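Take a look at the structure below.
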Amino acid sequence: MIAVIFPSVINGMVTAAASKSAMQRACALALLNNGTTIIQNPGSSNDDLAAINIIQELGAVINYQDGFLVVKSAGEICSRGSIDCGESGLSLRMFAAIAALSKDEVVLNGSGSLLKRPMHFFDETFPLLNIKVKTNNGYLPVSLHGPLVPKGISIDGSMSSQYLTGILFAYAKAANEPAVVTVNNLKSKPYIDLSISMLKYFGYRVRHNNYTEFHIEPVKETVKEITYNTEADWSGAAFLLVAGAIAGNISVKGLDIFSTQADRAIMDVLIETGTDIRVDGNCILVNNNNALRPFEFDATDCPDLFPPLATLAAYCNGKSVIKGTLRLAGKESNRAETLKDVFTKMGIEITLEDDMMVIYGGTGVRSAELSSHRDHRIAMACAVAGLKAAGAVKIENAEAVNKSYPGFYNHLQMLGAAVSLSGH
């Protein structure tokens, strides 16, 4: 699909989409729950659909009732041989440990960029948990043969916190006695906060000591019905809030200002730039500012903010610095290089220095023909940048947004943006 974004003034209100980070975790916990789980406000992104498919492959029965997702599970993992994780890195890394609770062999595979992401963590760590592992030289497909046995281990948390989430979920379900997971150099701590808060909501007992030691206590198995309301997504909403800061007067409804989601930090950056932003209950109001100040921000723990932050920086008057580029190489694209490529084509200078991205903004964004590099967040960054460009911004492979935010272009149009969508 090709999207063309024309310079626009936006105005109005939209409701933020469901968080895929929360939705995928809710699916995993619904699978582990011995009973019925009702998931309100279920997500519909490609990653959400991958998680829904996975839990069905592992034994859950699902149906939709009155817009809710109803998941029935015996709380046991029943492997059917092969699982397709799509392009979802979270689903792969989280469900690997959960699938390994089964005594039967399971093969995890995926598609697109996920085939290029290294999976050495499984080779290095899973044998310590009584799991036989076979990978394709550290890449997909991954064959696992459990069952996983919870025990005290030490893992590296520098590559992704998603591996730890999977281990915590599997341990919480299977632990018959207290266990401790020691983690070195953990990144993306807010995502672990989300995992632990959801574990507690589903009745599990997990705590940590300064993010270095995670203590899992066994819980008595009970049959229960749980209702979980999927919170709104700060990652996708960050693009809308930046759009308001540069091109209009908008309101984004449904966001929890006290959320543990890492990307809630977009609020801090917008305030630093001098954006006119207010919170009214669960509604965030943003007015554009033609004199945005440059900013410095460490995105090491929230790397998904790089694309909307780069877009914001392009319209700030001066040099902005974002730290944490080393976290971007393993995304759908090498996002540091990709952001530099697309914004250079739009006339914005970006340099990469060690672990930092430096953006020289305020020089004007120009019309350009761009590729999303099949990266959902790059597509959204290009679209928002085009709202106040000197001319139209054309984005190829614009359908990449379906991975996390299928309603993105529709939301821009609801706010009054001139967006043209067409096939290849």
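Computed values, structure above
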quantity	calculated
Filtered residues of region 197-231 (kept if in a loop (DSSP other than H, G, I, E, B) and either out of contact with any Ser or Thr (no Cβ under 7 Å at 6 or more places or on another chain) or free of Cβ contacts under 8 Å to residues at least 24 places away in the same chain (or both))	Phe202, Gly203, Tyr204, Asn210, Tyr211, Pro218, Val219, Lys220, Glu221, Thr222, Val223
Residue that is nearest to the chain's Cα centre (by Cα), among those in region 118-161 that are hydrophobic (A, V, I, L, M, F, W, C) and assigned to a strand (DSSP E or B)	Leu140
Set Asp156, Asp193, Asp123: member being without any contact (Cβ under 8 Å) to a residue 24 or more places away in the chain and surrounded by fewer than 20 Cβ atoms within 10 Å (Cβ to Cβ)	Asp123
Selection within region 162-196 - of a type in the set (A, V, I, L, M, F, W, C), in a helix (DSSP H, G or I) and within 25 Å of Asp304 (Cβ to Cβ)	Leu164, Ile167, Leu168, Phe169, Ala170, Ile192, Leu194, Ile196
Subset tally (residues that are touching a strand residue (DSSP E or B) at 6+ places or on another chain (Cβ under 7 Å) and surrounded by 24 or more Cβ atoms within 10 Å (Cβ to Cβ)) for region 353-377	5
Pick from region 218-236, criterion among the hydrophobic types (A, V, I, L, M, F, W, C) and farther than 18 Å from Ala74 by Cα, ranking: surrounded by the fewest Cβ atoms within 10 Å (Cβ to Cβ)	Ala232
Conditions (1) of a type in the set (S, T, N, Q); (2) buried (at least 24 other Cβ atoms within 10 Å of the Cβ); (3) within 30 Å of Gly416 (Cβ to Cβ); number of the one not met by Asn33	(3)
Number of the exception - Leu114 against (1) touching a strand residue (DSSP E or B) at 6+ places or on another chain (Cβ under 8 Å); (2) outside any helix (DSSP H, G or I)	(2)
Subset of region 259-314 [in contact with a Ser or Thr (Cβ under 9 Å, 6 or more places away or on another chain) and either of a type in the set (Lys, Arg) or not assigned by TED's automatic domain parsing to the domain that holds Leu339 (or both)]	Arg293
Of residues in region 254-284 being touching a strand residue (DSSP E or B) at 6+ places or on another chain (Cβ under 6 Å) and buried (at least 23 other Cβ atoms within 10 Å of the Cβ), the one farthest from Cys316 (Cα to Cα)	Leu255
Region 86-95, residues that are closer than 14 Å to Gly166 by Cβ and surrounded by fewer than 24 Cβ atoms within 10 Å (Cβ to Cβ)	Gly89, Leu90
Which listed residue, of Ile98, Ile77, Ile83, Ile52, is part of a strand (DSSP E or B) and either buried (at least 19 other Cβ atoms within 10 Å of the Cβ) or outside the structural domain of Ala172 (by TED's automatic domain parsing) (or both)	Ile83
Filtered residue count, region 401-420, keeping only those that are in a helix (DSSP H, G or I) and over 24 Å from Gly347 (Cα atoms)	7
Members of region 292-328 that are out of contact with any Cys (no Cβ under 9 Å at 6 or more places or on another chain), in a loop (DSSP other than H, G, I, E, B) and free of Cβ contacts under 8 Å to residues at least 60 places away in the same chain	Ala299, Cys316, Asn317, Leu328
Out of Gly324, Gly361, sole residue that is more than 24 Å from the chain's Cα centre (by Cα), among the small types (Gly, Ala, Ser) and more than 21 Å from Ser259 (Cα to Cα)	Gly361
Which numbered condition Val269 fails, given (1) in a loop (DSSP other than H, G, I, E, B); (2) more than 18 Å from Cys27 (Cα to Cα)	(1)
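Per-residue answers, yes or no, for (1) part of a helix (DSSP H, G or I); (2) of a type outside the set (S, T, N, Q); (3) farther than 16 Å from Thr311 by Cα; (4) in the same structural domain as Ser113 (by TED's automatic domain parsing):
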site	(1), (2), (3), (4)
Ala336	yes, yes, no, no
Val342	yes, yes, no, no
Val365	no, yes, no, no
Leu387	yes, yes, no, no
Glu399	yes, yes, yes, no
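The values are calculated or read from the model by the stated rules, or taken from the named source; none is laboratory data. Not measured: the values here are computed from a predicted model. Quick reminder, even Gly has a Cβ in these numbers, built from the backbone with ideal geometry, and neighbours come from all protein chains shown.
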